[in-house]
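Heads up: the structure comes next, in structure tokens.
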Amino acid sequence: MAVKTIPVGISNRHFHISQTDLEILFGKGYRLSNFRDISQRGQFAANETVGVHGPAGKIEKIRIVGPTRSRTQLELSASDAFTLGISPPVRYSGDLDGSAGATLVGPAGRIELTEGVILPIRHIHMSPADAKLFGVFDGARVIVAPSRPAQFSTRNEPRSLIFDNVLIRINERFVLDFHIDIDEANASGLKNGDHVKIIGFSELNKAVPRVGLVTENDVRIAIRKKSKIAIGPNTKITPAAHDLGREHKVFI
């Protein structure tokens with residue numbers, strides 16, 4: 001049986017912006033305009049770009065991804081952060097409390113952003129149907145590898161690696177996609193449109209509690225994959241899953 005693979009989507013530096021901040025940078029009543037749609041439904045790369053200044057340098061023309069959000073967020077690579085002279089934490093989109101800041105410069109104004117700058121954690125977007133097929137749950141951490149071995153050549157040796165601590169994000173709106181940044185793509189030799197596969201659960205998965213209902217089928221999948229199910233305060237377990245999980249020491 002063929003292994004189901006996941007397409008690679010490489011994310012360059014970009015903004016998500018609140019309507020309030022958009023109007024400060026571009027003028028009162030301003031609205032984003034669509035440059036092109038992107039892979040995730042309802043989102044688009046906007047025509048508008050913003051400059052970012054940090055203690056050590058600046059980066060101009062960072063594109064905004066629309067539509068507007070409740071909070072402004074800047075996603076950078078580690079190389080970008082070095083250029084600016086800032087130290088953003090590695091986070092998932094929207095987890096902004098205590099993150100780094102920077103100065104945002106637009107055609108109509110500037111903002112001293114106190115927090116909102118992150119290095120995006122590598123992650124996979126998928127639908128609930130995809131999650132069932134792959135045997136994963138929202139918030140799981142998995143290990144990902146290229147779907148085909150790199151071809152060895154003495155004239156051009158392959159650059160390939162395995163990604164640990166890849167976050168699974170599940171939503172009805174999500175289109176299947178493995179998101180990494182430019183630095184990660186360059187290090188691995190992956191390009192947009194390449195494919196990867198999930199080869200197991202990360203050891204870091206132990207720190208992520210399962211949210212929702214754990215069924216007997218979930219436990220059987222964990223047994224087959226020789227993985228664990230982390231139980232948190234909001235986890236519900238069916239009686240059959242409880243008995244089978246305890247018997248095979250699946251729960252942590």
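To keep it simple, each residue is scored yes or no on (1) on the phi < 0 side of the Ramachandran plot; (2) modelled with pLDDT of 90 or more; (3) in the same structural domain as Pro7 (by TED's automatic domain parsing); (4) of a type in the set (Gly, Ala, Ser).
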{"site": "Asp97", "(1), (2), (3), (4)": "yes, yes, yes, no"}
{"site": "Leu104", "(1), (2), (3), (4)": "yes, yes, yes, no"}
{"site": "Leu113", "(1), (2), (3), (4)": "yes, yes, yes, no"}
{"site": "Ile121", "(1), (2), (3), (4)": "yes, yes, yes, no"}
{"site": "Met126", "(1), (2), (3), (4)": "yes, yes, yes, no"}
{"site": "Ala129", "(1), (2), (3), (4)": "yes, yes, yes, yes"}
{"site": "Phe152", "(1), (2), (3), (4)": "yes, no, yes, no"}
{"site": "Asn156", "(1), (2), (3), (4)": "yes, no, yes, no"}
{"site": "Leu161", "(1), (2), (3), (4)": "yes, no, yes, no"}
request  = Restricting attention to the range 175-219, report how many residues are at pLDDT below 95 and aromatic (Phe, Trp, Tyr).
outcome  = 1
message = Tell me yes or no: at least one residue of the range 80-89 is touching a residue at least 12 places away in the same chain (Cβ under 8 Å), touching a Pro at 6+ places or on another chain (Cβ under 6 Å) and over 17 Å from His14 (Cβ atoms).
response = yes
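Check whether at least one residue in the range 31-40 is within 22 Å of the chain's Cα centre (by Cα) and loosely packed, with under 14 Cβ neighbours inside 10 Å, and report yes or no. Reasoning before the result, please.
We begin by selecting, within the range 31-40, every residue within 22 Å of the chain's Cα centre (by Cα); these are 36-40.
Next, from what is left, pick out any that are loosely packed, with under 14 Cβ neighbours inside 10 Å: 36-37.
Yes, the conditions are met somewhere in the range 31-40.
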query = Does Arg63 meet the test of being under 25 Å from Asn171 (Cβ atoms), assigned by TED's automatic domain parsing to the domain that holds Asp183 and not hydroxyl-bearing (Ser, Thr, Tyr)?
reply = yes
query = Before we move on, is Thr20 without any contact (Cβ under 8 Å) to a residue 24 or more places away in the chain, under 24 Å from the mean Cα position of the chain (by Cα) and either surrounded by 15 or more Cβ atoms within 10 Å (Cβ to Cβ) or not in a strand (DSSP E or B) (or both)?
reply = no
key: Flag if Arg69 is out of contact with any Pro (no Cβ under 7 Å at 6 or more places or on another chain), of a type outside the set (A, V, I, L, M) and surrounded by 13 or more Cβ atoms within 10 Å (Cβ to Cβ)   = yes
ask   = Of the residues that make up the range 159-171, is at least one surrounded by fewer than 16 Cβ atoms within 10 Å (Cβ to Cβ) and closer than 20 Å to Arg69 by Cα?
value = yes
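Listed here are the residues, each with its yes/no results for (1) of a type outside the set (Gly, Ala, Ser); (2) free of Cβ contacts under 8 Å to residues at least 24 places away in the same chain.
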{"position": "Val166", "(1), (2)": "yes, no"}
{"position": "Asn171", "(1), (2)": "yes, no"}
{"position": "His179", "(1), (2)": "yes, no"}
{"position": "Asp183", "(1), (2)": "yes, no"}
{"position": "Asn186", "(1), (2)": "yes, yes"}
{"position": "Gly189", "(1), (2)": "no, no"}
{"position": "Gly193", "(1), (2)": "no, no"}
{"position": "Lys197", "(1), (2)": "yes, no"}
{"position": "Leu204", "(1), (2)": "yes, no"}
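Any residue in the range 68-80 that is closer than 30 Å to Gly200 by Cα, in the same structural domain as Ile170 (by TED's automatic domain parsing) and either at pLDDT below 95 or out of contact with any helix residue (DSSP H, G or I) (no Cβ under 7 Å at 6 or more places or on another chain) (or both)?
Yes - at least one qualifying residue is present in the range 68-80.
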request  = Given the conditions (1) surrounded by fewer than 16 Cβ atoms within 10 Å (Cβ to Cβ); (2) at pLDDT below 90; (3) within 30 Å of Ile223 (Cα to Cα), report the number of the one that Ala140 does not fulfil.
outcome  = (1)
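The values are calculated or read from the model by the stated rules, or taken from the named source; none is laboratory data. All values reported here derive from a predicted model rather than from experimental measurement. Here the Cβ is made from the backbone with ideal geometry for all residues, glycine too, and neighbour counts use every protein chain on show.
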